[in-house]
1. Can you name the condition, by its number, that Arg192 falls short on among (1) more than 28 Å from Leu55 (Cα to Cα); (2) out of contact with any Ser or Thr (no Cβ under 8 Å at 6 or more places or on another chain); (3) loosely packed, with under 13 Cβ neighbours inside 10 Å?
2. Taking the conditions exactly as written (crowded, with 19+ Cβ neighbours inside 10 Å, assigned to a strand (DSSP E or B) and among the polar types (S, T, N, Q)), does Thr87 satisfy them or not?
3. Search segment 181-195 for residues that are of a type in the set (Gly, Ala, Ser) and pair each with any residue that is surrounded by 18 or more Cβ atoms within 10 Å (Cβ to Cβ) when their beta-carbon atoms are under 8 Å apart and the residues are at least 6 apart or on different chains.
4. Can you pull out every residue in segment 308-360 that is among the charged types (D, E, K, R), open to solvent by 30 Å² or more (accessible area, probe 1.4 Å) and in contact with a strand residue (DSSP E or B) (Cβ under 9 Å, 6 or more places away or on another chain)?
5. From Ala68, Ala126, Ala54, grab the single residue that is farther than 30 Å from Pro188 by Cβ and touching a strand residue (DSSP E or B) at 6+ places or on another chain (Cβ under 8 Å).
6. If Val364 meets every condition in (1) in a loop (DSSP other than H, G, I, E, B); (2) at pLDDT below 90 apart from one, which number is that one?
7. If you take the residues of segment 256-274 that are more than 20 Å from Ala222 (Cβ to Cβ) and either outside any loop (DSSP other than H, G, I, E, B) or modelled with pLDDT of 95 or more (or both), which of them is farthest from the chain's Cα centre (by Cα)?
8. Among strands (runs of 3 or more DSSP E) lying entirely in segment 134-186, which contain 2 or more residues that are open to solvent by 20 Å² or more (accessible area, probe 1.4 Å)?
Amino acid sequence: MDKPHAVVIGSGIGGLTAAVALYGRGWRVTVLERAASLEPVGAGISLAPNSQRALDVIGMGDEIRELAAWQGEGGIRVPGGRWLSRTDSAAAAERFGGTIVLLHRATLVERLVARLPEGTVRTGAAAELLDPGTAGGAPAVVGTVAGNIEADVVVGADGINSAVRSGLFPDHPGPSYAGFTTWRIVVPDIDRPFAPHETWGRGALWGTHPLKDGRIYAYGAAVAPAGAHAADDEKAELLRRFGSWHDPIPSVIAAAGQVLRNDVHQLLEPLPSYHRGRTALVGDSAHAMAPSLGQGGNQAVEDAIVLAHHLLPGGDLGAGLAAYSADRLPRTSAIVRKAARTSRLMCLTSAPAVAMRDALMSAVSRFGSDLVLRTFDGIADWQPPRHTYAAPRQVNTAPAGTEQ
């Protein structure tokens, strides 16, 4: 009980990763989650080499890499099936030290929770930041129905509509609608081989990717008014929008059970800081972004590892939190802007603009996969801070396919 106490508000990917990292760093950790259980809302998540290297710091990188299913070619197509650009897993591994790993969010949540002491995560525990504390003085205070909790540090990981963020920065305008909505599904194997792909149409996009366990993770996106929903059901809406697109898209939609639909919001105006007092923000609470680069969850993992790196128990908390903001704010703000620019390309609806976009993609691809992959330079090649505490087990930090 003499260890400093960190309270994490929210049990999403960023919150749980922060909890594991802080626990490994020597903190006593409590995670407060308002939901009644840890059944994650969502479907799949893609972990790029940058977040895999971040997970190396807590001893999870290799077990996540073992779940990689992408082998061979993949790329971008048009609704009729023609390939606009191609790349392959070997080229990605060579450039970034690994390939993308797609897995179900439930799998990642389960593995993170398994690294925490029993009782660390409290479900059905709505929490409110009552006082962010003072770095060199008073502790932070978190209110719950069971009573107030004093904390040496609080991590706000309560998502895009973060109440912690609003409490820290009440004058910030918050997230804005990105102009499109998304659907996500996980379906059983349809027994029809396919290359992983994203397919870009007019104001719409579809992605189909295999998971290691044989299931398929797929997602759609389309320009739509904020708050809109299908008059009947969302599976029927997917068939109307994407049912005439190339194989295997119609078969994947036909196999869908639960369909998740969410409007996309983003924090285009950066926060002035990612901390105040004894309280820090991670993930969507700090820098919600469009999913067009697949980096939302990856940046949350990076946040968590960098935060723990700077918070040495017994160290200068104010300096550590300031260093965290200084490390993370410029990087994540740039990725938010880049994701927004990429989303605008997907949202094009006029035929001439779409034709120009597709022609440009095709022309770039003809110069080789390196030009396509170059989009992720400065993102997927990120390296975490050096290890500052012992991981739970021996970790191989070398890039995939190499030896130490």
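1. For Arg192, the failing item is (2).
2. On the way: crowded, with 19+ Cβ neighbours inside 10 Å: yes; assigned to a strand (DSSP E or B): yes; among the polar types (S, T, N, Q): yes.
Here the answer is yes, as Thr87 does meet what is asked.
3. From segment 181-195, the pairs are Ala195/Gly74; Ala195/Gly75.
4. Let us first name the residues in segment 308-360 that are among the charged types (D, E, K, R), namely 316, 327-328, 331, 337-338, 341, 344, 357-358.
Pick out the ones that are also open to solvent by 30 Å² or more (accessible area, probe 1.4 Å) and you get 316, 327, 331, 337-338, 341, 344.
Once the filter is applied, which keeps residues that are among the charged types (D, E, K, R), open to solvent by 30 Å² or more (accessible area, probe 1.4 Å) and in contact with a strand residue (DSSP E or B) (Cβ under 9 Å, 6 or more places away or on another chain), segment 308-360 yields only Arg344.
5. Result of the check over Ala68, Ala126, Ala54: Ala126.
6. Status for Val364: all satisfied but (1).
7. In this case the residue turns out to be Pro272.
8. So the answer is 140-144, 147-151.
The values are calculated or read from the model by the stated rules, or taken from the named source; none is laboratory data. Just so it is clear, the model here is predicted, and its values are computed rather than measured. In this analysis, Cβ positions are derived from the backbone assuming ideal geometry, glycine residues included, and neighbour counts consider all displayed protein chains. We work out accessible area using only protein heavy atoms, side chains counted, and drop any ligands, DNA or RNA first. Shrake-Rupley method; radii C 1.70, N 1.55, O 1.52, S 1.80 Å.
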